[in-house]
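Report on the structure given below.
The values are calculated or read from the model by the stated rules, or taken from the named source; none is laboratory data. Keep in mind that what you see is a predicted model, and the values were worked out from it rather than measured. Here Cβ is always computed from backbone atoms with ideal geometry, including for glycine, and neighbour counts include all displayed protein chains. Side chains included, ligands, DNA and RNA excluded: accessible areas come from the protein's heavy atoms. Shrake-Rupley method; radii C 1.70, N 1.55, O 1.52, S 1.80 Å.
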Amino acid sequence: MSKLKAIAPKAVKPTKPKFLVYGAAKAGKTWTSIDFPSVYFIDTERGATRENYQDKLSKAGGVYVGMEQGSQSFKEVLEQIKALATEKHEYRTLVIDSFTYLFNLEVAKEVERLGEKDAFGASKKPAVQKSRQMLMWLDRLDMNVILICHEKPKWANGEQVGVTFDGYEKLDYMLELTLYIQRRGNDRVATVKESRMKEFPMGSAFPWSYDEFASRYGKEVIEQNAKPIELATEAQLKEISHLLDVVK
């Protein structure tokens, strides 16, 4: 009997969007992200503590995780993601603002621990490891996900050739969409930098607003309620433990 497991291509049910946005300060990254439905907002750098942001978040039915609730701890943020993935709740969109700050805080902690030993970039290893773990859970999470990053210079052959996002360098490879947000006069524009979606072709630009994004991606998908992962029950875990003892 053949051991091959491949199946024929078929239509698949659309999943919630999980994407990265980056840009300069005050480009509108955070402000527009709060327009997404039922936001669970993890504020790592106290950027949304201002009254206008809090009012907008409250009116939209969103909630806020700040410094006092552990937003600057990678471990606590990961625990929040796991809880969102496994518990029943009314939230539909997870926003982490900014992922850059969370990542760089983790690097700074390791630099302080290593001191002068950090000759070969070892300080990034814990932050990279935790980023990979976070992305694994985000992939399982049945919510819209927006990771907000700062921008930084992009270099090639000793010359600046543009800007890119600041954080875990493989972040854009592991998410399905990367948008560069710019303010042009009174308008906010999103340019597609990386994409696996036909609705967002590479290099294209569109107005950075929830309505425009939703019309392209599909509002019916974005506004669906989140479904929790069903974890093993206590009885199932005991049965597995018993069977492992039998095998031994």
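Rg and Dmax of the range 1-126, based on Cα coordinates, read 19.0, 66 Å. Counting Lys and Arg as +1 and Asp and Glu as -1 over every other residue whose Cβ lies under 13 Å from the Cβ of K227, the net charge comes to +1.
For the range 115-225, a/c is not less than 1.5, where a ≥ b ≥ c are the root eigenvalues of the C-alpha gyration tensor, and a/b does not top b/c. That puts it in the oblate class. For K16, a cut-off of 18 angstrom between C-alpha atoms picks up these lysines, skipping any fewer than 8 places away in its own chain: K82, K88, K198, K219, K227.
Values (i) 20.0; (ii) 18.3; (iii) 18.9 are given for comparison; Kirkwood radius over Cα pairs in Å, derived from the coordinates here, is the one labelled (i). Mind checking which lysines have their C-alpha under 30 Å from K3, skipping anything on the same chain fewer than 8 residues away? Filter leaves K13, K248. Take 122-131, 99-108 and order them by the average number of nearby Cβ atoms within 10 Å per residue, most first; the result is 99-108, 122-131. Placing +1 on the Cβ of every Lys and Arg and -1 on the Cβ of every Asp and Glu, with nothing else charged, gives the chain a dipole about its Cα centre of roughly 700 debye.
Each peptide in 214-226, 193-205 gets a packing score, the mean of other Cβ atoms within 10 Å over its residues, and the list from highest to lowest is 214-226, 193-205. Accessible surface calculations at 1.4 Å, restricted to protein heavy atoms, place the chain at 60 Å² per residue. When the solvent-accessible area of the chain is split by element, carbon and sulfur atoms take up 51 percent of it, the probe being 1.4 Å.
By the Kirkwood approach, averaging reciprocal distances over each pair of separate Cα atoms, the range 7-72 gets a hydrodynamic radius of 13.8 Å.
If you take every residue apart from I181 with its C-beta less than 12 Å away from the C-beta of I181, what net charge results, scoring Lys and Arg +1 and Asp and Glu -1? Local charge sum for I181: +4. Evaluated on the range 75-142, the Kirkwood hydrodynamic radius is 13.3 Å, with distances taken between all distinct Cα atoms.
Projected onto planes of every orientation and averaged, the convex hull of the alpha-carbon atoms in the range 49-194 covers 11.3 nm².
Looking at the chain alone, DSSP beta bridges between its own residues are antiparallel in about 40 percent of cases.
Considering only P126, V163, L177, the residue lying farthest towards the positive end of the dipole of the range 119-227 is P126, judged by Cα position with unit charges set on Cβ.
Within the straight-line cut-off of under 21 Å between alpha carbons, the lysines reachable from K154 are K26, K29, K124, K170, K193, sequence neighbours fewer than 8 places apart in one chain being disregarded.
Candidate membrane-span-like segments in the chain, meaning DSSP H helices with Cα atoms spread over at least 15 Å of their own axis and a Kyte-Doolittle mean of -0.5 or above, are 74-86, 99-114, 234-247, with no membrane implied. Seen from W137, the other residues with C-beta closer than 12 Å to its C-beta sum to a net charge of +2, counting Lys and Arg as +1 and Asp and Glu as -1.
Database remark: amide H of R188 closer than 5 angstrom to the amide H of W208 (H placed geometrically; neighbours at sequence offset of 5 or more, or on other chains; Pro and chain starts carry no H). Residues K10, K59, ordered by accessible area of protein heavy atoms at a 1.4 angstrom probe radius and largest first, appear as K59, K10. By the helix-only formula, in which each DSSP H run with n ≥ 4 contributes -39500 (n - 2.57) and the sum is divided by residues, the chain has a 222 nm mean residue ellipticity of -10500 deg cm²/dmol. Shown here: the range 130-181, whose C-alpha atoms stretch 41, 23, 15 Å along the first, second and third principal axes, sorted largest to smallest.
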